[in-house]
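J.: Let me give you the structure first, and then I'll get to my questions.
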Amino acid sequence: MASFGGKRAPANRSRPDRRAVLSARASSESSSIVDKGKRAACNAAYVGKKLLNSTGKATWYLATTLLIFVVPLLITMDREQQLENFELQNQALLGPAPPPQQVHGPPM
Amino acid sequence: MATFISPPASTTATQPTGLKPTVIEKEKVDYLNLPCPIPYEEIHREAFMSLKPELFEGLRFDFTKGLNPKFALSHSVLMGPTEIPSQSPETIKIPTAHYEFGANYLDPKLMLVGRIMTDGRLNARIKCDLSENLILKSSAQLTNEPHMSNVMASFDYKGKDYRSQFQLGSGALFGASYIQSVTPNLSLGGEVFWTGQHRKSGIGYGARYNNDKMVATGQVASTGMVLLSYVQKVSEKVSLASEFVYNHMSKDVTATFGYDYILRQCRLRGKIDSNGCVGALLEERLNLGLNFILSAEIDHRKKDYKFGFGMTVGE
């Protein structure tokens, strides 16, 4: 952007002849492609950075939310399952009527 | 939940004794024998149970010692940062420590609870059955700061299929509410209140539908508040709750979803709401009369993180 304006501004100011105008136009046209590319790259980098940033943020929010909301649930459910399995095994080993409830408090 | 009204109990009792061969007859509802509804102020009880766990920050230790079956003393220590109300969006916290001493007297007819904290705050609650149907409830908060103390008293009358309540409070607060069972599952109610201090009055309506699997409630008040809640009991151990609150005056909308797992050794409650706030409370039973509590709350928007742990000893 800066190079574009810099090249064009002096040409306009000092009333040049036709050739100078043409060459200036040609150079400005050739530089506009480079410039467009530059700008596109710049934009892409900017968008990419933003995207990465917001993805990171979203991941952070999601991860912390899951850590609070879901992880304790999974752990307690798993332990409950293990307890039940253990009780079933005990029942199978010790016979049909053991009193396992005494260990774990009142039955649900 | 023990308070759930079981509709078949009331309807089967009133089934005609005359034997009829047509079995596929709709159970007739005896509208003169409806169950008593739950109090108007408690219509969201189940939803609040799972969506509003007592989250705290820091350390807390509670010890309750029963001197005899009716009388108990309690001691509790709270340590941790407390929030200071301020205008700035960032929360300001200062570390504090409190000791609280309490005494409870529990009797089927009379309940007295008192709590005093080291910073001079005193809480007292009384619940007294004046007769079979009339209950007097009173609560008081006294502080050293002027204009922060308040006293409240209410008379509850429990009818056969309705309940009414009359409330009196400091600051010239008057309130009355009434709730009536309309069908075995549905109850409708309303309330009016007037505060002399702020020269404000209001009116509100509420409805509650419950059966043994779910509870749905709705409440509208002239203060602009609309509250809808729904609790689904998935099984004996698990219930899921959701709530929607809309305030017409401040245009605040909040939706909350939560779960409540009551397992053999622990109780876990979690909630998440549309303000970016996540919370969970785990109450773990280590031994008979010994509970371990873990509390976590994250407010993503305010960047406020609260974590706490505690112990509860004694019943």
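All of the numbers you see were taken from the coordinates with simple rules; none came from a lab. What you see is a predicted model; the values in this text were computed from it and never measured. Using ideal geometry, Cβ is built from the backbone for each residue, glycine included, and neighbour counts are taken over all protein chains shown.
J.: Calculate the radius of gyration of the Cα atoms of region B:200-305 to one decimal place, then report Dmax, the largest Cα-Cα distance, as a whole number, both in Å.
T.: 16.8, 50
J.: Another question, if that's okay. Hey, with R₀ at 51 Å, roughly what FRET efficiency would A:Ile33 and B:Thr91 work out to, going by the Cβ-Cβ distance, to 0.05?
T.: Values: r = 53 Å, r/R0 = 1.05.
Using R0 = 51 Å, I get an efficiency of 0.45.
J.: Also: Taking the Cβ of B:Val215 as the centre, find all other residues whose Cβ is under 11 Å away and add up their charges (Lys, Arg: +1; Asp, Glu: -1).
T.: Working: positive: B:Arg45, B:Arg208, B:Lys213, B:Lys233; negative: B:Glu46, B:Asp212.
After counting each charged neighbour, the total is +2.
J.: How much of the calculated P(r) for region B:140-277 lies past 26 Å, in percent of all Cα pairs? Each step should come with its number before you reach the end.
T.: Numbers: 4182 of 9453 pairs.
The calculated P(r) of region B:140-277 puts 44 percent of pairs beyond 26 Å.
J.: On the principal axes of its Cα set, how long, how wide and how thick is region B:45-312? Give whole Å, largest value first.
T.: Result, largest extent first: 46, 45, 41 Å.
J.: Okay, moving on. Per residue, what volume in Å³ does the Cα convex hull of region B:250-304 take up?
T.: Details: hull volume 4.8 nm³, N = 55.
Spelled out: Cα convex hull of region B:250-304, divided by residues, is 88 Å³.
J.: Take B:Met111 and B:Lys213, extend 7 Å from each Cα along the Cα→Cβ direction, and tell me the distance between the two endpoints in nm.
T.: For the pair B:Met111/B:Lys213, the computed spacing is 3.2 nm.
J.: Taking all pairs of distinct Cα atoms, average 1/r, flip it, and tell me the Kirkwood hydrodynamic radius of region B:17-129 in Å to one decimal place.
T.: On the way: mean 1/r = 0.0516 Å⁻¹.
In region B:17-129 this quantity evaluates to 19.4 Å.
J.: Related question: Determine the sum of side-chain charges near A:Lys57: Lys and Arg each +1, Asp and Glu each -1, restricted to other residues whose C-beta is under 14 angstrom from that of A:Lys57. Mind dumping the intermediate values first?
T.: Working: positive: A:Lys49, A:Lys50, B:Arg301, B:Lys303; negative: none.
With Lys, Arg at +1 and Asp, Glu at -1, the neighbours total +4.
J.: Which FRET efficiency value, to the nearest 0.05, do you get for A:Leu74 and B:Tyr305 by plugging their Cβ-Cβ distance into 1/(1 + (r/R0)^6) with R0 = 25 Å?
T.: Numbers: r = 21 Å, r/R0 = 0.85.
For R0 = 25 Å, the calculated efficiency reads 0.70.
J.: Do the sum for chain B: with -39,500 (n - 2.57) for every DSSP H run of n ≥ 4, divided by all residues, what is the mean residue ellipticity at 222 nm, to the nearest 500 deg cm²/dmol?
T.: On the way: 2 runs with 14 residues, N = 315.
Per the formula, -1000 deg cm²/dmol.
J.: In a Debye calculation with equal point scatterers on the alpha-carbon sites of region B:161-229 and no solvent, what is log10 I(q)/I(0) at q = 0.20, 0.24, 0.27, 0.28 Å⁻¹?
T.: Reported log10 I(q)/I(0), two decimals: -0.85, -1.04, -1.15, -1.19.
J.: Quick one: if you take sqrt(5λ) for each eigenvalue of the C-alpha gyration tensor of region B:273-315, what semi-axes come out, biggest first, whole angstrom?
T.: Working: eigenvalues 156, 16, 6 Å².
They are 28, 9, 6 Å, listed from largest to smallest.
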